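The values are calculated or read from the model by the stated rules, or taken from the named source; none is laboratory data. This is a predicted model, so every value here is computed, not measured. FYI the Cβ positions are ideal-geometry reconstructions off the backbone, even for glycines, and counts take in every protein chain you see. Heavy atoms of the whole protein, side chains included, go into the accessibility calculation; ligands, DNA and RNA do not. Shrake-Rupley method; radii C 1.70, N 1.55, O 1.52, S 1.80 Å.
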Amino acid sequence: MVARRDSAVGEQGVGGGKKTAKAAGKAPVEKRTSAKKATKETAPVRKAAAVKKVAAVKKATVAPKKAAGAVKKASAIKTVAAKPPRNESQTALVRRARRINRELAEVFPYAHPELDFENPFQLILATVLSAQTTDLRVNQTTPALFAKYPTPEDLAAANPEEVEEILRPTGFFRAKTKSVIGLSKALVENFGGEVPGRLDDLVTLPGVGRKTAFVVLGNAFGRPGITVDTHFMRLVRRWQWTDETDPEKIEAAVSALFPKSDWTDLSHHVIWHGRRICHARKPACGACPIAPLCPAYGEGETDPEKARKLLKYEKGGFPGQRLNPPQAYLDAGGKAAPPLGATG
């Protein structure tokens, strides 16, 4: 903007000088000199503006190519170094993060995916259905779905209205019906009726994003991945492992703090802690086993007695979310959730 204004001033000076000379019959020396000086001073500005314009055009030409490359390799997340909070060094951050994970592993040695499933197909369906509802409601609903449609071929050929009636308790049942039937058709048409074990393939399925894909890969195929759900996002920011808000950037930042072999269990530990102790609105700080390591200590209830009353699921003496939890969970004092419609 400055270059254009300088240029305009120079052009007016030249024009004004010529008109005055004609009228008087004599060219004023001072104005002519001023005009020449303005023209010389303006030239570099014009040149600089032209260079900037060319550079901008080149940049605009390159940008779409980079974007296209990113779309083609959507599954490849580059791990980046997390930004240490306050004055904490990167090394100190890694040590604190890993210690938190070790402490949580002792608190939740029985941590597991809180969806009932017996095979990859059941797990991917349950995970898709868990959007906008609780794992408990999904677990109470899927037994009827799995019994009537045990394979992708069965669900692909299902009557949508019948599926909608089964999925009604999960909410958004019409959209979810469309997703699970579409997903089943894609499995039959593109993968021979089998759930693929590759991230690139999983994210091509209707209703399946990175979060769902990593749940399936980590818990059905034993392939490490970080599941960034709402609990995970909230806690890693609260612990100042990262200040990112985008799920993929959070995944990249946190994965850089841990060896790949820890990723799946880390996800379970963080999510379980978020559901049972470190709640969104009122964390049970006074009953938190990692309070000395948490920069956000004090955001919630710090009184031990009052904090214990905030604990949920087995930590509060209540049932969990699975109707058929692993034996390790039951051995640790956890209680199975009741089936849909059960009373008492």
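Kindly indicate whether residue 188 is under 16 Å from residue 120 (Cα atoms), outside any helix (DSSP H, G or I) and in contact with a helix residue (DSSP H, G or I) (Cβ under 6 Å, 6 or more places away or on another chain). No: the conditions fail for residue 188. Checking 227, 245, 204 one by one, the residue that is more than 30 Å from residue 292 (Cβ to Cβ), of a type in the set (Ser, Thr, Tyr) and out of contact with any Leu (no Cβ under 6 Å at 6 or more places or on another chain) is 204 and no other.
If I filter the range 229-252 down to residues being hydrophobic (A, V, I, L, M, F, W, C) and in contact with a Ser or Thr (Cβ under 8 Å, 6 or more places away or on another chain), which single residue comes out as farthest from residue 131 (Cα to Cα)? Step by step, filter the range 229-252, then rank; the result is 252.
Being open to solvent by less than 20 Å² (accessible area, probe 1.4 Å) and out of contact with any Pro (no Cβ under 8 Å at 6 or more places or on another chain) is a description that does not apply to residue 94.
Residue 259 meets all of the listed conditions (1) in contact with a helix residue (DSSP H, G or I) (Cβ under 8 Å, 6 or more places away or on another chain); (2) more than 29 Å from residue 174 (Cβ to Cβ) but one, namely (1). Right, residue 106: in contact with a Lys or Arg (Cβ under 8 Å, 6 or more places away or on another chain) and either closer than 25 Å to residue 318 by Cβ or assigned to a loop (DSSP other than H, G, I, E, B) (or both) or not? In short, no.
Scanning the range 323-343 turns up no residue that is open to solvent by 50 Å² or more (accessible area, probe 1.4 Å), without any contact (Cβ under 8 Å) to a residue 40 or more places away in the chain, part of a loop (DSSP other than H, G, I, E, B) and more than 21 Å from residue 136 (Cβ to Cβ). Screening residue 126 on (1) closer than 20 Å to residue 268 by Cα; (2) touching a residue at least 24 places away in the same chain (Cβ under 8 Å); (3) crowded, with 20+ Cβ neighbours inside 10 Å shows it passes everything except condition (2).
In the range 150-166 there is no residue matching the filter, namely being under 22 Å from residue 213 (Cβ atoms), out of contact with any Gly (no Cβ under 9 Å at 6 or more places or on another chain) and open to solvent by 10 Å² or more (accessible area, probe 1.4 Å). Which pairs do you get when a residue that is under 20 Å from residue 121 (Cβ atoms) and without any contact (Cβ under 8 Å) to a residue 40 or more places away in the chain, found in the range 153-182, comes within reach of a residue that is among the basic types (Lys, Arg) and open to solvent by less than 40 Å² (accessible area, probe 1.4 Å), reach meaning Cβ atoms under 7 angstrom, with the pair 6+ apart or on two chains? Taking only residues 6 or more apart or on different chains, the pairs are 167/176. Within the range 247-254, at least one residue is in contact with a helix residue (DSSP H, G or I) (Cβ under 9 Å, 6 or more places away or on another chain) and either basic (Lys, Arg) or farther than 18 Å from residue 94 by Cβ (or both). Residues in the range 65-88: is at least one within 26 Å of the chain's Cα centre (by Cα), surrounded by fewer than 13 Cβ atoms within 10 Å (Cβ to Cβ) and modelled with pLDDT of 90 or more? No: zero hits.
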